[in-house]
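Beneath this line is the structure, given in structure tokens, with notes to follow.
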Amino acid sequence: MPINVQQFFLQKRGLGYVAPILCTMRGLAEDDIEEAVKFHKRISNEIGDEDIFCEENTIAESVLGEGLAIGVFAEGRIIGLRSVSYVQDHLEEAVEDLKLDPAEIDNVAVMDFCVIDSAFRGNYIQFFTYLYIESLMYPNRYHLHTTVSPRNVFSLKNVLKCGFIAVDFKKKYGGHNRFVLYKNLRKSIPVSTRGRKQILLRNHDYHPKVMEAGYVGYKTKLKPNGMVMQYGRPLDEVPADGR
Ligand SMILES: CC(C)(COP(=O)(O)OP(=O)(O)OC[C@H]1O[C@@H](n2cnc3c(N)ncnc32)[C@H](O)[C@@H]1OP(=O)(O)O)[C@@H](O)C(=O)NCCC(=O)NCCS
């Protein structure tokens, strides 16, 4: 995988201290698979709830060519991972979730996961690793699919910030609630922020209803009674700003 190495300092929040630590971001090679799988397993064990985060992943397949996988390394170990899957079953599921033309399947990518060591959270790694991997997929893989649990508020916020919109809400992976999110890298889908609706994330029955009424979710916001998803109607094109 011809991916450049990038170096930067990130703030580590250790036990009783904070410190800038030199980090390296690069594509994963075959030799990294074992450590990456272990790291993913450690984080999913820490979460310990399949309703929020699934242990299943396609790290090995992505590294070996059926996708992309990048890692952030610090202090001689992995502290962040992101992977994209081009595995056929995942692509077929994405085509179905997004109601895409099956002929488009080779242009689909499934954003498999992003996991960060808790000592390095708060550095926007989910956001900037996304931008990096997006640039590697563009312009060939342009129908991007992902799913996020309504209980995974940190991830949901970041995925929406990355420009995904929530287009469906359904049971996935053996009965877990998930928002289905979409981003098209070739055709921007603007969303009107006028006349928006706000639905509490925990009101699971309402999300499919507003989506059926033609709304898409574009942002989360903390309200006094809980976190809401803000919904707006998609527009045909990006409006002229009148400047
Ligand atoms: C979701 C995740 C990748 C976000 O990590 P990140 O990019 O470092 O998060 P951000 O930089 O956006 O963090 C913003 C703030 O939320 C906090 N935060 C992020 N994730 C958090 C978590 N899981 N628990 C508590 N606080 C969290 C950060 O500490 C930061 O706080 P600050 O404003 O005081 O600095 C990370 O929480 C994670 O690895 N979670 C477990 C795996 C997961 O759910 N992945 C996403 C689905 S694939």
Matching option when the condition is touching a Phe, Trp or Tyr at 6+ places or on another chain (Cβ under 6 Å), within 15 Å of the ligand (Cβ to nearest atom) and in the same structural domain as Phe169 (by TED's automatic domain parsing), among Gly122, Gly80, Gly71, Gly67: Gly67
Residue list for the range 196-243, filter: in contact with a Pro (Cβ under 6 Å, 6 or more places away or on another chain) and more than 14 Å from Val153 (Cα to Cα): Val216, Leu235, Val238
Candidates Glu61, Glu50, filtered to the one that is farther than 21 Å from Arg13 by Cα and crowded, with 16+ Cβ neighbours inside 10 Å: Glu61
Contacts under 6 angstrom Cβ, first residue in the range 22-46 being assigned by TED's automatic domain parsing to the domain that holds Gly71, partner within 13 Å of the ligand (Cβ to nearest atom) and in a helix (DSSP H, G or I), 6 or more apart: Ala36/Ile59; Val37/Ile59
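Looking at this structure, is Lys209 surrounded by 15 or more Cβ atoms within 10 Å (Cβ to Cβ) and either assigned to a helix (DSSP H, G or I) or under 23 Å from the mean Cα position of the chain (by Cα) (or both)? I'd like the intermediate steps shown before the answer.
Working: surrounded by 15 or more Cβ atoms within 10 Å (Cβ to Cβ): no; either assigned to a helix (DSSP H, G or I) or under 23 Å from the mean Cα position of the chain (by Cα) (or both): yes.
Against the criterion (surrounded by 15 or more Cβ atoms within 10 Å (Cβ to Cβ) and either assigned to a helix (DSSP H, G or I) or under 23 Å from the mean Cα position of the chain (by Cα) (or both)), Lys209 does not qualify.
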Check on Ser149, of a type in the set (Ser, Thr, Tyr), at pLDDT 95 or above and either away from the ligand (no atom under 12 Å from the Cβ) or surrounded by fewer than 20 Cβ atoms within 10 Å (Cβ to Cβ) (or both): no
Residue in the range 14-26 that is assigned to a helix (DSSP H, G or I), surrounded by 13 or more Cβ atoms within 10 Å (Cβ to Cβ) and more than 15 Å from the ligand (Cβ to nearest atom) present: no
In the range 94-118, the residues that are buried (at least 17 other Cβ atoms within 10 Å of the Cβ) and either within 13 Å of the ligand (Cβ to nearest atom) or charged (D, E, K, R) (or both): Asp97, Val110, Met111, Asp112, Phe113, Cys114, Val115, Ile116, Asp117
Close pairs (6 angstrom Cβ cut-off, 6 or more residues apart or separate chains): at pLDDT below 95 in the range 89-112, loosely packed, with under 12 Cβ neighbours inside 10 Å anywhere: none
Number of the exception - Leu100 against (1) over 17 Å from Asn140 (Cα atoms); (2) touching a His at 6+ places or on another chain (Cβ under 9 Å): (1)
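The values are calculated or read from the model by the stated rules, or taken from the named source; none is laboratory data. Because the structure is predicted, anything quoted here is derived from the model rather than measured. Cβ atoms come from the backbone with ideal geometry, glycine included; neighbour counts cover every protein chain shown.
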